[in-house]
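Structure first, then comments.
Just so you know, all these numbers are worked out from the coordinates, no wet-lab data involved. If you're wondering where the values come from, they're calculated on a predicted model, not measured in any experiment. Glycine also receives a Cβ, built like all others from the backbone with ideal geometry; neighbour counts cover every protein chain displayed.
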Amino acid sequence: MISKAGIGSRTEARSWIHERRVKVNGKVIENPDHWVDMKRDHVWLDDKPLEQRDRLYLLLYKPTGYLTTYKDPEGRPTVYDLIEDFDTFLSPVGRLDLDTSGLLIMTNDTQFAERVTNPDSHVPKTYLVKASALLTDDQLEQLRRGIELSDGMTRAAIVKRLRNSGKHTHFEITISEGKNRQVRRMVEALGAHVMKLVRVRIGAIAIGELPIGEWRLLTRAEITSLRR
Ligand code: URA
């Protein structure tokens, strides 16, 4: 529950409660499963209200080979190895697969994260794709119109062929939802597979000149554009 407020992982939140650093409505809480309603209850950590903590938004250019999770039981690298140790817990806004590179927003603002990832918000996300085969116009049209996946039909997408090189089609696709491994599964439904996947835009935010593996803070205008 405290982790839902965006300031710590579940494990951290538990240890703060054990250390008696968390107060709800003026009383120290002892039960790590204590339920709070962030709209009604006043939650304090170290004598500072949670809602007064600074909001932080950053944009990371995730390379392939990094997991979008906090800790990996197998010890593989994660996106947290690429950012510095802020004194607040930043969660990834949505996920990118291990083999996908590109834009990943990380923030401690859970409402913002929920807004960007909720399919009802229709925030467009654009990917560059290299397919394992040459795709016909008709196949690209199928991607545009929607593909039947095991968890339902995909919404209309914007698809642009960029070029064909040898046996591969390179194209750009913009989707406004985020089903698990969506782009890969859409291409697999056409009988091909994705060889390279890079997310280059989220809403109005583009990858620009950010080098791979680096991060920068979002500008105020970028944050506002995604809140709308
Ligand atoms: N679609 C995918 O298949 N994978 C991603 O990482 C993002 C979108």
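Structure values in brief
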| item | result |
| --- | --- |
| Across K160/K196; K27/K48; K23/K48; K125/K196; K125/K167; K23/K71, pairs whose alpha-carbon gap is larger than 20 Å | K125/K167; K23/K71 |
| Residue among K160, K179, K27 with the largest mean-square fluctuation in a Gaussian network model of the chain, springs linking Cα atoms under 10 Å | K27 |
| Cα-based convex hull, the chain, per residue volume (Å³, whole number) | 147 Å³ |
| Choice from T126, T100, T117 showing the highest fluctuation, given a GNM over the chain with Cα pairs closer than 10 Å | T117 |
| Stretch gain in nm, segment D47-H193, where the contour uses 0.36 nm per residue and the Cα spacing is subtracted | 47.3 nm |
| Efficiency of FRET from Cβ geometry, I83 and R184, R₀ 22 Å, rounded to 0.05 | 0.30 |
| Relative contact order [Cα under 8 Å, 6+ residues apart], the chain, whole percent | 21 percent |
| The stretch 124-202: Rg to Rh, with Rh as the Kirkwood radius over Cα pairs | 0.92 |
| Local electrostatic count, W215, Cβ distance below 10 Å [Lys/Arg +1, Asp/Glu -1] | 0 |
| E74/E114 FRET efficiency (R0 25 Å; Cβ-Cβ; nearest 0.05) | 0.30 |
| Distance (nanometres) between label positions extended 7 Å along Cα→Cβ at M153 and S225 | 3.1 nm |
| Hits among aspartates and glutamates - C-alpha to C-alpha of K130 under 14 Å, sequence gap 8 or more where chains match | D99, E172, E188 |
| Listed peptides 132-140, 199-207 by packing density, highest first (mean Cβ within 10 Å) | 199-207, 132-140 |
| Lys/Arg +1, Asp/Glu -1 at C-beta; the chain dipole; positive extreme among Q111, G146, A221 | G146 |
| Percent of beta bridges antiparallel (DSSP, the chain, rounded to nearest 5) | 90 percent |
